[in-house]
Structures are given as C-alpha cells and as structure tokens.
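Below is one structure, written out as structure tokens; the observations come after it.
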Amino acid sequence: MAAVAQTTPLSRVLWPTLAWIIALIFFFPIFWLVFTSFKTDADAVKPEHLLFFTPTLENYANMTENYDYWRFAINSVITSTFATGFALVVGVPAAYAMAFDPSRHTKDILVWMLSTKMLPAAAVLYPMTFLTKNMLGLFDTHFLIIVVLCLINLPIVIWMLFTYFKEIPKDIIEAGKMDGVSTWGEIKDILIPLAWGGIASTALLTFIFCWNEAYWTVRLTTIDAATLSKLIEGNRAPEGLFFGRLSAVSTAAVGPIVVLGWFCQKQLVQGLTFGAVK
Amino acid sequence: MANRTLPRLLQAPAVLMLLMWMLVPLGMTLFFSFIRYVLNSLRRPEWTTPSIENWRGLGNYKYVLEAKDFWFAIQNSVFIVVSILIFTVVFGLLIAVLVNRSFPGRGIVRVLLISPFFVMPAVNAVLWINMILDPVLGLNGLAVAGINDLVVGLREFPLIGQFFSMWPELKPMSFRASQTSAYAVIMMVTWQWTPFAVLIFMTSLQSEDESQKEAAMLDGASAWSQFINLTVPHLARPIAIVVMIQSIFHLSLYAEIEIVSRGNGNKNLPYLIGEFTSNNIGAASATGIFAVILANIIAIFLLRMVGKSLMD
C-alpha cells in the first residue's frame, strides 16, 4: 500500500495529512485537560472563555496547598517503582525457566497465570479488605500496595518476558552451560544483556499499569499509602462546577507518566510485541 | 529428574505467589457465597459476622440469578467489551497502516497518537464525561449550542434563510442515561486503547515482507486488495493478541463504569458486585463466583486461541 500511495503526488500529501489530523484528534482531549487546568473554575464553564481567558496557576497552587499533592505523587512513585522491580525479580527467573527449559506443563502454567488476571477484582474485594484490615493489619501500607500491584501485573510481566526470551537462540544459553557458567551467571551475563530491550519495555509497561491502577489503590488505602488515583477519586465527586480544579489535579496525576511515555516511546514502539512478531 | 529441579525452583516464587493470590481471597469468596452475610442488619444482627452457622446453601446464587440486574449486567459487560474490541482493532489497523510509511513529522504523530494509552482510567472517565460529553457544560453541549446559533444566524439571510428556517433546533445528547452512558464508556475506552492496538500492529507491520507487496503491485493489485490479502493475514496473530490482552483488561472494567454511570443502571458484572458489596456480602460473593466462571469460560476460549501459537 505504501509503495502504491507514493506513486501519485496527491496521495503523498493526502495520507500524511490524514495521519496528522487523526493524531491531533486523539491528542485533543489531553490538550483540553491541560488547557482547562489554567482556567479558574468560573471561567472553565463560561462559553465566552472557551478559548480566550486569563491563564492562572491558582488551581495548581490550590492543589499543592490544600490537597498535599506531593505526598500522593511520592506514594505513586514508591509503589510503582517497587512493584515493577519486584515483579521483574520474580518474573525474569520464571520466564527464563519457561523459555529455555520448558516442560509439558509450561504452556498450561502460562495460560493459567494469564487467567488469574481475568478474575474480576470486585469478586475478591471484600475478602481482601477483611484480610488486610482485620487479620493482617496491612491495610493502607506501602507494602500491601506494592505486593498487590506486583501480583496483578505479574502474569503480564512473565508472559511478555517469555515471548522475548523465546526469541533468543537456545544455543547461546547452552554454550554458557557448557562453559560451566552458573544459572545466575547465565541470567546476569547472557540473558539480561541480550534481552535488555524486552526487559526495559516490560518494565515500562508495568510501571504505567501500576501508576494508573485505580481499583486496589483506591480501596486498600486511606491516607498513608494513598496514591494519585486516590487523589483523583477524592476530587472527582463535585462534578460540573469545578472543571478548573479537576483539570489541574488530573494533569498533575497523568503528567509524569505521559511524559515518561513520550521519552520512552521508541522503546515501546519497538518492544511492545507480546510475541506478535515472528 | 534432577535437571527438572532448577527450572521448577526458578518458577516456584511466581507460581506460589499467584496461587496464593488466587486461592486465599477466592476461597473466602466461595465460603461467603454459601452463607448469609450482611454488613448491617438490625433485625438479624447474627448475620453480620461470617459464620458457618448462617449456612444458606445455594440461596445466594438463587437470589442473584433471580435479580433482574444480573442478566442485564452480563449482557452489558459483553456488549461493552465486544464493541470496544471491534472499534480498537479496526481503528488500530487503519491508523497503523497510515503511520507505517515515512512522512514529515511521523515521530511527533506517533507520540501524539500513543499518548492516550498513558492516561489514568479514572482521569480518562472524568475528563470525557464532564469536559467533553456533558450536554450543558462540556464541549458536546457547547458545540451543539454553537451550531444552533449558527443556524439561527443563517436564517436572517435572504434566500438561504428560507432553507435554514426548516432546520430543527438540535439537542445535545446526554451521556448520563443508562444506554448512552454505555456508549460513553465504549468511546472513552476505545480512545484509550486504540493506541495500544496501533503500537502492536505497527511493530508487526515493520516485519512485513515488502517484496511480496512489490510483486503484488507489479501484478496490478490495488492498494485495498493488498491490504486485505497481504497485510491483514500478516496481522492475524497481533490481532489475536490485541483481542486477548484487551479482553483481560476490559472484563474487569470498573472505574469508567463507576464514574460515568453513578447508579443510572448502566452496570457490568464487576459493578454489580460492587453494589452488592455495600451491604449484602453473600450476594456479592455469589455474583463474584459467577463472574469468575464467566471469565474462565472466556479465558479458556481466548487463551487456547493464542496459546496454541505461543509455543511454536
């Protein structure tokens, strides 16, 4: 299709223009969110100030003063980072064993792991609250959120890593074995350098999922371990008249992760295959 | 036998963690689903503690099956998930093909396109339902009001005024009714997940065999027939993966439903469970078990489909 399209001058202009238009449409809601965050609550709902208004940082000032934004943000960074790291530490050896030493059951184990991700969280919400609050005393701790985020992402992590590791020729790993390299040495010196791109993509995607998780982080926290999802949860209730404030909080919550995504987009474009490319 | 020990040992932490994650809460859910268990009851305070003495057998299941919301919630879950899947795959394919060639600013186009995928689902829902789709304060309302004003203005003109005076006054669509809020959910999730489909398809397109395409072109195949006969079959596997990953995420869709619907009747299965959880834990647990069964039926179906090619 590409080759055909480039033969006529019209399509050389038409298709890129179309691509640009679609990209701008897709980005527009994010732009609008950021744009609205610089309006006062009153201006945000006035049609005459739809495009022209006096920009203000009032919403952001209000957010850091009254809502303690930084505490939520730091909690998000802590829980997402540790959950991602923990998931990789558990996931890399498991995926390594599955890819290079598969048994009859490897496929079933992988399928089962993914199926745990399909269990609706709501089905086990009450038991989880009951357990963590009444029995384990872990409710509203960083530890709990890290463990839960790690667990809900582990199936995806293992599956992604498995598909990357499988692309690595088995001979390379076997050669290491012949030379008497230990398993840890194989992982550290052969596997990780070879699969670095895949591991980085996995880490990035996991971090994004952790940051954006809004079911458990909202329901298993109150103050101490509350993340940015909880901040959004607390601010979304008074709908309608507080668009400016809402936009500022939302922008501050998604801003870091969107910017991280931009910086790493090359990694994602090349790395996010889930084994789709043969 | 000995050489199997090490791989097992390496997998053990992951398997055990997931097993516990699945079995402990699920076991409790299963137990609660067989007993009478409510959070508040003045009449029967003994039901507020989970105990085997409040055994109800299959009573909770019967209660849930007879609740009219239950079947609606299942239908609605399937409607929402399948609609999202269709839209994201179709849009994802078209956009991926569109940006697969080089043109000025492709890098920026790609960045703009994938950005929605990074947005928190709760923010996504809040943003769409309030600032974009609200029939009065959102862009939806403002756009319709703008069109109405324009039409009124045009009526002043001679000749064409006659024509425009026959135009009706438009009313913005409200996305807070039970049916339309399902559309709103489909719209916002499609916006968020189309970039994911684009990402996966784009990577696969880069591995497409160009020589095949050139041969097809020399044979005089149209762009459309190349797309249908070469590109789409090449993307069969990525499409299966996009469908699978998205099903995993959207079957448990919650934040969007909660924010958009707020008790207007647009519910899916997780949301129904959430409603029961506010008091009737027994019923919530029974619904949860049904949801687990539904998820497993779909999981077996989908994962077999993808899993088959996973191992070769």
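Take B:I108 and tell me if it is within 8 Å of chain A (Cβ to nearest Cβ), surrounded by fewer than 22 Cβ atoms within 10 Å (Cβ to Cβ) and in a helix (DSSP H, G or I). So B:I108 passes the test.
Would you confirm whether any residue within the stretch B:175-192 is assigned to a loop (DSSP other than H, G, I, E, B) and either more than 11 Å from chain A (Cβ to nearest Cβ) or at pLDDT 90 or above (or both)?
Within the stretch B:175-192, one or more residues are assigned to a loop (DSSP other than H, G, I, E, B) and either more than 11 Å from chain A (Cβ to nearest Cβ) or at pLDDT 90 or above (or both).
For the stretch A:97-122, which residues satisfy the criterion of being within 23 Å of the chain's Cα centre (by Cα) and in a helix (DSSP H, G or I)?
Correct list: A:L110, A:V111, A:W112, A:M113, A:L114, A:S115, A:T116, A:K117, A:M118, A:A121, A:A122.
Taken together, the criteria exclude A:K107 from residues that are within 12 Å of chain B (Cβ to nearest Cβ), among the basic types (K, R) and in contact (Cβ under 8 Å) with a residue 24 or more places away in the chain.
Just one of the listed residues (A:I199, A:I173, A:I158) is at pLDDT below 90, out of contact with any strand residue (DSSP E or B) (no Cβ under 6 Å at 6 or more places or on another chain), farther than 24 Å from A:A253 by Cα and of a type outside the set (S, T, N, Q), namely A:I173. May I ask you to list the residues in the stretch B:6-36 that are more than 9 Å from chain A (Cβ to nearest Cβ) and under 23 Å from B:V64 (Cβ atoms)? Scanning the stretch B:6-36 gives B:L23, B:L30, B:S33, B:F34, B:I35, B:R36.
Residues that are within 14 Å of chain B (Cβ to nearest Cβ), polar (S, T, N, Q), touching a Leu at 6+ places or on another chain (Cβ under 9 Å) and over 25 Å from A:S37 (Cα atoms) do not occur anywhere in the stretch A:170-182. Here A:T56 passes the criteria (1) hydroxyl-bearing (S, T, Y); (2) assigned to a helix (DSSP H, G or I); (3) more than 30 Å from the chain's Cα centre (by Cα) except the one numbered (2). Take A:A19 and decide whether it is assigned to a helix (DSSP H, G or I), in contact with a Phe, Trp or Tyr (Cβ under 8 Å, 6 or more places away or on another chain) and either within 12 Å of chain B (Cβ to nearest Cβ) or of a type in the set (D, E) (or both). The answer is yes for A:A19.
Examine the stretch A:25-46 for a residue that is outside any helix (DSSP H, G or I), more than 10 Å from chain B (Cβ to nearest Cβ) and of a type in the set (A, V, I, L, M), and state whether such a residue exists.
no
A single member of A:T132, A:T183 is modelled with pLDDT of 85 or more and polar (S, T, N, Q), and it is A:T132. Taking the condition over 32 Å from the mean Cα position of the chain (by Cα), surrounded by fewer than 18 Cβ atoms within 10 Å (Cβ to Cβ), at pLDDT below 85 and part of a helix (DSSP H, G or I), does B:R4 pass? Yes; evaluated as a whole, the condition is true for this residue.
Conditions (1) surrounded by 20 or more Cβ atoms within 10 Å (Cβ to Cβ); (2) more than 7 Å from every other protein chain (Cβ to nearest Cβ); (3) touching a residue at least 12 places away in the same chain (Cβ under 8 Å); (4) in contact with a strand residue (DSSP E or B) (Cβ under 7 Å, 6 or more places away or on another chain), marked per residue:
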site: A:Y69; (1), (2), (3), (4): no, yes, yes, no
site: A:I74; (1), (2), (3), (4): no, yes, no, no
site: A:T81; (1), (2), (3), (4): no, yes, yes, no
site: A:A94; (1), (2), (3), (4): yes, no, yes, no
site: A:K117; (1), (2), (3), (4): yes, no, yes, no
site: A:V124; (1), (2), (3), (4): yes, no, no, no
site: A:M128; (1), (2), (3), (4): yes, no, yes, no
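Within the stretch A:70-82, is even one residue part of a helix (DSSP H, G or I), within 22 Å of B:L137 (Cβ to Cβ) and not small (G, A, S)? Among the residues of the stretch A:70-82, not one is part of a helix (DSSP H, G or I), within 22 Å of B:L137 (Cβ to Cβ) and not small (G, A, S), which makes the answer no. Of everything listed in (1) within 8 Å of chain B (Cβ to nearest Cβ); (2) within 16 Å of A:N75 (Cβ to Cβ); (3) more than 14 Å from the chain's Cα centre (by Cα); (4) of a type outside the set (S, T, N, Q), the single unmet condition for A:W211 is (3).
Within the stretch B:195-212, can you find the residues that are at the interface with chain A (Cβ under 10 Å from one of its Cβ atoms) and either surrounded by fewer than 21 Cβ atoms within 10 Å (Cβ to Cβ) or of a type in the set (A, V, I, L, M) (or both)? Scanning the stretch B:195-212 gives B:V198, B:L199, B:I200, B:M202, B:T203, B:L205, B:Q206, B:S207, B:E208, B:E210.
Got a sec? Which of B:Q192, B:Q179 is touching a residue at least 60 places away in the same chain (Cβ under 8 Å) and surrounded by fewer than 19 Cβ atoms within 10 Å (Cβ to Cβ)? The unique qualifying residue is B:Q179.
The values are calculated or read from the model by the stated rules, or taken from the named source; none is laboratory data. These figures come from a predicted structure and were not determined experimentally. Every residue, glycine among them, receives a Cβ derived from its backbone with ideal geometry; neighbour counts consider all protein chains shown.
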